[in-house]
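Worksheet: one structure, shown below.
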Amino acid sequence: MDPGFDPDRPDGDAADPRERDANDPLAEFRERFDVPGELYLDGNSLGPVSDAAERSLQRALEEWRELGIEAWTEADRPWFRYGESLGDDLASLVGADGDEVVVANSTTVNIHTLVGTFLDARDGRPPGILVNELDFPTDHYAIRSQLRQRGYDPDEHLHVVESRDGRTIAEDDVVAALEDREVGIVFMPSVLYRSGQLLDIERITDAAHEHGALAGFDLAHSVGVVPHELSAHGVDFAVWCSYKYLNAGPGAIAGLYVSERHFGERPALAGWWGHEKETQFELRERFTPADSAGAWQIGTVPVLSAAPLAGSLELVREAGIDRIREKSLALTATLIRLVDETLEAYGCTVGTPRAPDARGGHVAIEHPEAERVSEALRERGVVVDFRPPNVVRVCPAPLYTGFVDVHEFAARLRDVLETGAHEDVDPDGSVS
Ligand SMILES: Cc1ncc(COP(=O)(O)O)c(C=O)c1O
């Protein structure tokens, strides 16, 4: 089945999907992944394993086996500087210098330590932190706890930009909030986890700076699929995870960026792994932070949860982030068109902004029965996410998803809705 296929369509988007796959310069990456199931469209929750990630994990295991403790200095990529070394590899994906990026901790822990750091280093800035109501909850949990630990009432000092439509955040409202409220730090996502809206990082950063505030971002839903220019845009700090578009595996080590302007600040959660490397093993009584983003590491780098990232980054860099973004936009444009043309009649609407520069890598399809629809899709071999209250989140990740896959997804979704298969799914998720 090939819904929405229309060779006469002038926007060029409707070329035969088989032809588009055949002409896709990234198509060959598909066979370098083990993609589970029939149609895996959930790579913005957990990316699949690649041959490269498996090899780099295997290499770390072999080094552990053969070198034991010597691997800290003698491994192919010495473990002592593993976090910094992977940071170097990542830097071009986020538009930063190598020493501004390190892999460490988890995303939530990185929010704790970075927000805490800049609450401590207020330098005349008010303690207020500006977020938005559509953020992934962990961001608010961490920020509230950092405020509370410093004696600030989060209900008073966490300022929340509201959404006008329940899906998106207007950058104008972020700017207006900066004018109205006492804000010392703006902390926003690059891409909203539910609707997939891509926010304008440069504009938000400029506005924050004009109001004397710092700008930090959670790039969990964009790193590896949207190119970034953090240094050029003057961003102060950022965090992200590696298990989504970077395909580094469940619970993989996270990443962080700190602008070189802030090197030397005292990390809120200090630990010996963030110590100046040259003297770390002098085991001094007092902490001297590394003069780099490496200072925000805390404890020993978890080598086995970082090793797959080494391989998976090779693939992303080989594919090229600009080509990945180009294909991602083409895939999501196709998906949006198919929803408009063939699925609207069944109650589906697109909840993701249509402008390419306001779209991340996934598409939110809204349907009143989204939870049961997602479950029925899983029953048909299609892995997607349900996000309450009404979103089926669909991620055609460019390294292993093709245009035929997107058409096949639309066909299977139409089949679910046409046959009412979702009505047989119990509200608790089981299929009766
Ligand atoms: C925007 C965002 N931030 C943070 C996280 C999770 O952070 P952690 O890796 O610490 O669980 C997620 C997880 O999906 C997320 O979507």
Checklist entry - Counting other Cβ atoms within 10 Å, which trypsin sites (Lys or Arg not before Pro) in the range 83-177 have at most 12 and lie in a DSSP loop? => result Arg164
Checklist entry - Which angle from 0 to 90°, rounded to the nearest 10, does the C-alpha axis of helix 82-94 make with the longest principal axis of the chain? => result 50 degrees
Checklist entry - Which FRET efficiency value, to the nearest 0.05, do you get for Glu133 and Glu66 by plugging their Cβ-Cβ distance into 1/(1 + (r/R0)^6) with R0 = 41 Å? => result 0.20
Item to check | Selection from Leu90, Val103, Ser50 lying farthest towards where the dipole of the range 33-135 points positive, charges on Cβ | outcome: Val103
Checklist entry - Among Gly264, Gly98, Gly47, whose mean-square fluctuation peaks in a Gaussian network model of the chain (Cα, cutoff 10 Å)? => result Gly264
Checklist entry - Using modelled backbone amide H atoms (1.01 Å from N, in-plane), which distant-in-sequence or interchain residues come within less than 5 Å of Asp385's amide H? => result Arg393
Next on the checklist: Output the 0 to 90 degree angle, nearest 10, between the alpha-carbon long axis of helix 137-149 and the longest principal axis computed from the alpha carbons of the chain.
Outcome noted: 20 degrees
Checklist entry - So what is the diffusion coefficient of the chain in µm² per second by Stokes-Einstein at 20 °C and 1.002 mPa s, using a Kirkwood Rh over Cα pairs? => result 95 µm²/s
Checklist entry - With axes computed from alpha carbons, what is the tilt in degrees of helix 51-67 against the longest principal axis of the chain, rounded to the nearest 10 within 0 to 90? => result 30 degrees
Checklist entry - Which far-off residues, 5 or more places away or on another chain, put their amide H under 5 Å from the one on Val161, with H placed in the peptide plane? => result Val131, Asn132, Glu133
Item to check | Phi-based couplings in Hz for the range 170-186 (Karplus 6.51, -1.76, 1.60; Gly and Pro marked x) | outcome: 7, 4, 4, 6, 5, 5, 4, 5, 5, 6, 8, 10, 8, 10, x, 9, 9
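Which order, highest average first, do 247-259, 414-426 follow once you tally other Cβ atoms within 10 Å for each residue and take the mean per peptide? Mind dumping the intermediate values first?
Working: 247-259: 25.2, 414-426: 16.2.
Per-residue mean Cβ counts within 10 Å order the peptides as 247-259, 414-426.
What order do you get for 230-236, 386-392 when each peptide is scored by the mean count of other beta carbon atoms within 10 Å, highest first?
Working: 230-236: 20.1, 386-392: 17.9.
The peptides rank, most packed first, as 230-236, 386-392.
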Item to check | Mean Cα-pair separation over length for the chain, i.e. relative contact order, pairs under 8 Å, 6 or more apart, % | outcome: 22 percent
Item to check | Packing rank of 320-327, 87-94, where each peptide gets the mean count of other beta carbons within 10 Å, highest leading | outcome: 87-94, 320-327
Next on the checklist: What distance in nm separates the two pseudo spin-label positions at Arg317 and Thr108, each 7 Å out from Cα along the beta-carbon direction?
Outcome noted: 3.1 nm
Checklist outcome for this item: trypsin sites (Lys or Arg not before Pro) in the range 340-375 lying in a DSSP loop, each with at most 16 other Cβ atoms within 10 Å of its Cβ, come to Arg354
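Since every read-out is calculated from the coordinates, none of them should be taken as a lab result. Small disclaimer: the values here were computed from a predicted structure and weren't measured. Every residue, glycine as well, gets a Cβ built from its backbone with ideal geometry; the counts of neighbours run over all protein chains shown.
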